[in-house]
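Inspection log for the structure reproduced underneath, given as structure tokens.
The values are calculated or read from the model by the stated rules, or taken from the named source; none is laboratory data. If you're wondering where the values come from, they're calculated on a predicted model, not measured in any experiment. Note that we place each Cβ from the backbone using ideal geometry, even for glycine, and neighbour counts take in every protein chain shown.
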Amino acid sequence: MNDEEAIRQCQVGNKDGFRHLVDRYQDVLYGTAYLMTGNQTAAEDHVQEAFVSAWKSIGSFQVGRPVKPWLVRILVNKVISQRRNHRPATSPIEVAEETIQAAQSVAEEVENRDEVGRALAGLSGEHRRIVQLRYFTDLSVPEISNVLGCREGTVKSRLHRALEQMRQAITTD
């Protein structure tokens with residue numbers, strides 16, 4: 001079954017189609033949520049909430065559009081909304097350390113993962129989110145633009161600035 005067939009099945013109330021979407025995208029959503037929260041339990045909760053929201057709004061989804069960016073956008077909005085409404089359960093230092101560990105496990109082929117992790121943790125939230133969506137979630141610039149609700153040029157400039165800041169952080173260490 002492909003995504004279009006799954007969406008069509010979901011839109012007529014068939015849960016097997018939704019099972020296909022969950023099986024296919026749960027790891028991507030979990031990885032994104034974990035990188036954004038630095039907390040396993042919070043990441044799992046956000047993924048579950050994102051899938052519930054997706055199921056509720058699947059009827060208005062346009063068949064033929066890419067599913068992955070739509071699901072990631074729902075997830076990112078859930079995480080951002082939760083951050084606005086609640087204080088994080090862990091201290092910023094703990095979150096940064098967990099984010100570095102998650103980034104290091106994803107970036108196994110990078111020679112000096114500690115430097116990359118520190119450089120990533122040193123970015124602002126919006127720049128770190130762009131890097132995470134591009135390199136860890138493997139979204140394209142147009143998909144990131146759709147997820148964050150901003151122009152592609154904005155995504156490109158933020159990505160460029162973030163990578164430049166990471167390069168500078170790595171070379172000065």
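With the condition kept exactly as written, say whether any residue in segment 108-126 is modelled with pLDDT under 90, of a type outside the set (A, V, I, L, M), outside the structural domain of Leu163 (by TED's automatic domain parsing) and not in a helix (DSSP H, G or I).
Checked against the condition, which is being modelled with pLDDT under 90, of a type outside the set (A, V, I, L, M), outside the structural domain of Leu163 (by TED's automatic domain parsing) and not in a helix (DSSP H, G or I), segment 108-126 yields no hits at all.
Just the residues that are in a helix (DSSP H, G or I) and of a type in the set (Val, Ile, Thr), please, taken from segment 1-56.
Matches in segment 1-56: Ile7, Val22, Val28, Thr32, Thr37, Thr41, Val47, Val52.
Has segment 86-106 got any residue that is at pLDDT below 55, part of a loop (DSSP other than H, G, I, E, B) and more than 20 Å from Ala33 (Cβ to Cβ)?
Within segment 86-106, not a single residue is at pLDDT below 55, part of a loop (DSSP other than H, G, I, E, B) and more than 20 Å from Ala33 (Cβ to Cβ).
Could you list all residues from segment 143-168 that are more than 16 Å from Gly125 (Cβ to Cβ) and either basic (Lys, Arg) or touching a helix residue (DSSP H, G or I) at 6+ places or on another chain (Cβ under 6 Å) (or both)?
Correct list: Glu143, Ser145, Asn146, Arg151, Glu152, Lys156, Arg167.
Residues of segment 131-151 being in a helix (DSSP H, G or I) and either not assigned by TED's automatic domain parsing to the domain that holds Arg118 or not polar (S, T, N, Q) (or both), which ones?
Answer for segment 131-151, where residues must be in a helix (DSSP H, G or I) and either not assigned by TED's automatic domain parsing to the domain that holds Arg118 or not polar (S, T, N, Q) (or both): Val131, Leu133, Arg134, Tyr135, Phe136, Val141, Pro142, Glu143, Ile144, Val147, Leu148.
May I ask you to verify whether Val79 is outside any helix (DSSP H, G or I) and not acidic (Asp, Glu)?
In short, no.
Do you know which residues across segment 44-89 are of a type in the set (A, V, I, L, M, F, W, C) and over 18 Å from Ile130 (Cα atoms)?
Of everything in segment 44-89, those that are of a type in the set (A, V, I, L, M, F, W, C) and over 18 Å from Ile130 (Cα atoms) turn out to be Val47, Ala50, Phe51, Val52, Ala54, Trp55, Ile58, Phe61, Val63, Val67, Ala89.
For (1) without any contact (Cβ under 8 Å) to a residue 60 or more places away in the chain; (2) in contact with a Ser or Thr (Cβ under 6 Å, 6 or more places away or on another chain), each residue gets a yes or a no:
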{"residue": "Leu35", "(1), (2)": "no, no"}
{"residue": "Gly38", "(1), (2)": "no, yes"}
{"residue": "Val47", "(1), (2)": "yes, no"}
{"residue": "Lys56", "(1), (2)": "yes, no"}
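Being surrounded by 14 or more Cβ atoms within 10 Å (Cβ to Cβ) and either in contact with a Ser or Thr (Cβ under 6 Å, 6 or more places away or on another chain) or assigned by TED's automatic domain parsing to the domain that holds Leu35 (or both) is the requirement here; does Val155 meet it?
Considered against the rule, which asks whether it is surrounded by 14 or more Cβ atoms within 10 Å (Cβ to Cβ) and either in contact with a Ser or Thr (Cβ under 6 Å, 6 or more places away or on another chain) or assigned by TED's automatic domain parsing to the domain that holds Leu35 (or both), Val155 comes out as yes.
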